[in-house]
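Colleague: Right, I'll just put the structure down here and ask away after.
The values are calculated or read from the model by the stated rules, or taken from the named source; none is laboratory data. Note that this is a predicted model, so its numbers are computed, not measured. Ideal geometry is used to build each Cβ from the backbone, glycine not excepted, and the neighbour counts take in all protein chains shown.
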Amino acid sequence: MAARLAGLHEQALNHFVTNSPWDAAAVRRRLAVRMDAAIGPQAWAVDDTGWLKYGAASVCVARQYTGTAGKVTNCQIGVGLNLVTDTASCPVNWRLFVPEAWDPTGVDSQVIDRRRTAAMPADAVHREKWRLGLDTIDEAAGWGVTSLLIVADAGYGDAAEFRQGLEDPGLTYVVGVNSAHTAFTVDTQRTVLPIEAPGAGRR
């Protein structure tokens with residue numbers, strides 16, 4: 001980027017990107033609008049990805065599962081909204097996942113010091129990944145890009161609140177769920193077994 005900008009000093013550009021108080025949302029919005037026109041997406045895909053880390057200083061790094069490594073390891077996790085087709089994909093909105101170990105609600109002085117060192121804003125708190133996914137969808141829907149079929153794997157689809165968050169605004173979606181889920185027909189009626197029935201106390 002520095003080379004393309006007529007020889008701009010690389011360190012100065014790095015400082016601007018990482019430390020200056022510019023509004024990143026405006027860049028994400030412009031990216032979404034341009035890529036919406038460029039690739040003609042067939043769906044919006046919500047998914048998370050991990051960035052493997054060796055140390056503990058990077059903001060929100062923790063030992064957690066990431067599909068990038070296929071195991072629990074030291075990493076950062078980001079939840080992203082991607083414009084996708086069968087042949088193209090582009091992330092246009094994202095959120096950094098704040099693990100509970102980085103949440104400021106506790107009184108652990110080490111967490112407070114680590115957040116201060118990483119310059120984390122006070123409103124950067126732990127939120128479930130499915131909530132972050134809904135946040136990216138809601139924000140992108142306000143950018144004027146075409147709202148399409150939402151797709152996500154069972155990491156999101158297993159959360160009933162995530163599915164309801166798509167259902168309430170009338171979004172079309174296809175999400176994965178694990179095999180432990182059950183489904184009933186519309187005319188199903190719940191019944192309560194008599195108290196004396198065998199197994200009445202079991203679920």
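Colleague: Which residue, of V79, V46, V92, is touching an Asp or Glu at 6+ places or on another chain (Cβ under 6 Å), surrounded by 12 or more Cβ atoms within 10 Å (Cβ to Cβ) and under 17 Å from G133 (Cβ atoms)?
Modeller: V79
Colleague: Restricting attention to the stretch 25-35, which residues are without any contact (Cβ under 8 Å) to a residue 12 or more places away in the chain and surrounded by 10 or more Cβ atoms within 10 Å (Cβ to Cβ)?
Modeller: Those that are without any contact (Cβ under 8 Å) to a residue 12 or more places away in the chain and surrounded by 10 or more Cβ atoms within 10 Å (Cβ to Cβ): V27, R30, R34.
Colleague: Quick one: how many residues across the stretch 121-139 are at pLDDT below 95 and hydrophobic (A, V, I, L, M, F, W, C)?
Modeller: 3
Colleague: Looking only at the stretch 51-85, filter to residues that are more than 14 Å from the chain's Cα centre (by Cα) and small (G, A, S); which one of those is nearest to R114 (Cα to Cα)?
Modeller: Once the filter is applied, the top-ranked residue is A57.
Colleague: Scan the stretch 39-51 and give yes if some residue there is in a loop (DSSP other than H, G, I, E, B) and free of Cβ contacts under 8 Å to residues at least 60 places away in the same chain, otherwise no.
Modeller: yes
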